[in-house]
1. Name, by its number, the condition in (1) more than 11 Å from the chain's Cα centre (by Cα); (2) more than 13 Å from residue 107 (Cα to Cα) that does not hold for residue 213.
2. If I ask for residues that are near the ligand (Cβ under 8 Å from one of its atoms), open to solvent by less than 20 Å² (accessible area, probe 1.4 Å) and closer than 21 Å to residue 78 by Cβ, which ones from the stretch 224-268 would you list?
3. Please enumerate the residues belonging to the stretch 222-238 that are out of contact with any Phe, Trp or Tyr (no Cβ under 8 Å at 6 or more places or on another chain) and in contact (Cβ under 8 Å) with a residue 60 or more places away in the chain.
4. Give the residues of the stretch 246-296 that are at positive phi and out of contact with any Leu (no Cβ under 9 Å at 6 or more places or on another chain), sorted by residue number.
5. What single numbered condition from (1) touching a Lys or Arg at 6+ places or on another chain (Cβ under 7 Å); (2) away from the ligand (no atom under 15 Å from the Cβ); (3) modelled with pLDDT under 90 fails to hold for residue 198?
6. Does the stretch 99-143 hold any residues that are over 21 Å from residue 69 (Cβ atoms), open to solvent by 10 Å² or more (accessible area, probe 1.4 Å) and either part of a loop (DSSP other than H, G, I, E, B) or in contact with an Asp or Glu (Cβ under 7 Å, 6 or more places away or on another chain) (or both), and which are they?
7. Just to be sure before I move on: is residue 324 at pLDDT below 95, within 14 Å of the ligand (Cβ to nearest atom) and closer than 29 Å to residue 57 by Cα in the structure I sent?
8. Answer yes or no: is there a residue in the stretch 270-286 that is within 13 Å of the ligand (Cβ to nearest atom) and under 20 Å from residue 101 (Cβ atoms).
Amino acid sequence: MLNRRKFIRSTALSAGCIAVGNTAFSMIGQQQIQAQKTEPIIISTWDFGIAANKAGWQILAEGGRALDAIEHAAWVPEADVHNQTVGYGGLPDRDGFVTLDACIMDELGNCGAVLAIQNIKHPISVARKVMEKTPHVMLAGDGALQFALENGFLKENLLTKESEAAWREWLKTAKYSPVMNIENKQYRNSSPQKLPGNQYNHDTIGILAIDAKGNISGGCTTSGMAYKLHGRIGDSPIIGAGLYVDNEVGGATSTGVGEEVVRNVGSFLVVELMRQGYAPEDACKEAVLRIIKKKPEIAKNIQVGFLAINKKGEHGAFAIQKGFSYAVCNARQQDLLIPGKSYY
Ligand code: SD4
């Protein structure tokens, strides 16, 4: 087998362009120069990632920036009234308030987040404004809302009749018990009337994209765990926990019970493992194992899934429980759904 040095030497005389993985390299003399021509790709957690990816792909296909693709993709579930776990129509907290968490991170290490923001349909865009317009990374609660209103966002009621009905149903027992894989179609296609209120419990969309320049960005947006304590924040808006991007290495995002992700700074861990040479799926698996090792009794009964992509555009996922999936969109396929592997 040719090692890299021999390979460069053996092709050194022929200047031209060859494809290695999905990255093009120009060969000039003995030097190999990365030509910054990577195949664009966008990947998202869960089956509803398909629709989100499509919106993001429109940006990437035209040579747009990964960061813009992330924002456009996130708008889809945020605006989807039938999606009860992200944005508008999200299930409320224990006290009936819809509180949203989101963050975004670009190829330069810039990042922004909003925590427990209310009455704003697109928290991902407020997070981006925090990143671009302030010297801060995170804004929470009333301060985040005030900032959003000052920046032209509209105050809207996000609690739909369906989500209010589910909450009122939940109040009858008021038992907080997150349900695994609630994001999946089989649950979302069931009518709220058929399922008890506490069966609608959690979900997040985490999105990672690489643009034609090879730059990586990511975003994460959620209404968090349904019926959580008022003021509770999960992993989703925490840079390093719910999302992390390092343009030299790759990006990672998470979904599931955020407390366990925060404990292990999950997405940062996945990216750092990829830096050490782990393939995306192996890095996600290692992060899952860390959660299981630390809290085996808790991990048995919860779902956490990680999704990752490396600089070459290779992607993978791993979850504690079966049922996790992610959507992939590139020039060849716009609606690919890949089941994530799992520990149990
Ligand atoms: C949270 N990680 O608030 C989010 C919820 C989630 O799939 O992802 N559910 O902890």
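1. Only one criterion is unmet by residue 213, namely (2).
2. Once the filter is applied, which keeps residues that are near the ligand (Cβ under 8 Å from one of its atoms), open to solvent by less than 20 Å² (accessible area, probe 1.4 Å) and closer than 21 Å to residue 78 by Cβ, the stretch 224-268 yields 224, 225, 228, 234, 235, 236, 242, 254, 255, 256, 258, 261.
3. The answer is 222, 223, 224, 229, 231, 232, 233, 234, 236, 237, 238.
4. 256, 265, 277
5. Evaluating residue 198 over (1) touching a Lys or Arg at 6+ places or on another chain (Cβ under 7 Å); (2) away from the ligand (no atom under 15 Å from the Cβ); (3) modelled with pLDDT under 90 leaves (2) as the failure.
6. Hits for the stretch 99-143 are 115, 116, 118, 119, 134, 135, 136, 137.
7. On the way: at pLDDT below 95: yes; within 14 Å of the ligand (Cβ to nearest atom): yes; closer than 29 Å to residue 57 by Cα: yes.
Taking the combined requirement at face value, the residue satisfies it.
8. Initially, the stretch 270-286 is screened for residues within 13 Å of the ligand (Cβ to nearest atom), giving none.
The answer is no; no qualifying residue exists.
The values are calculated or read from the model by the stated rules, or taken from the named source; none is laboratory data. Bear in mind that the values here come from a model prediction, so they are computed numbers and not experimental data. Neighbour counts run over all protein chains shown; Cβ positions are idealised from the backbone, glycine included. Just the protein is used for accessible areas: all its heavy atoms, side chains included, with ligands, DNA and RNA removed. Shrake-Rupley method; radii C 1.70, N 1.55, O 1.52, S 1.80 Å.
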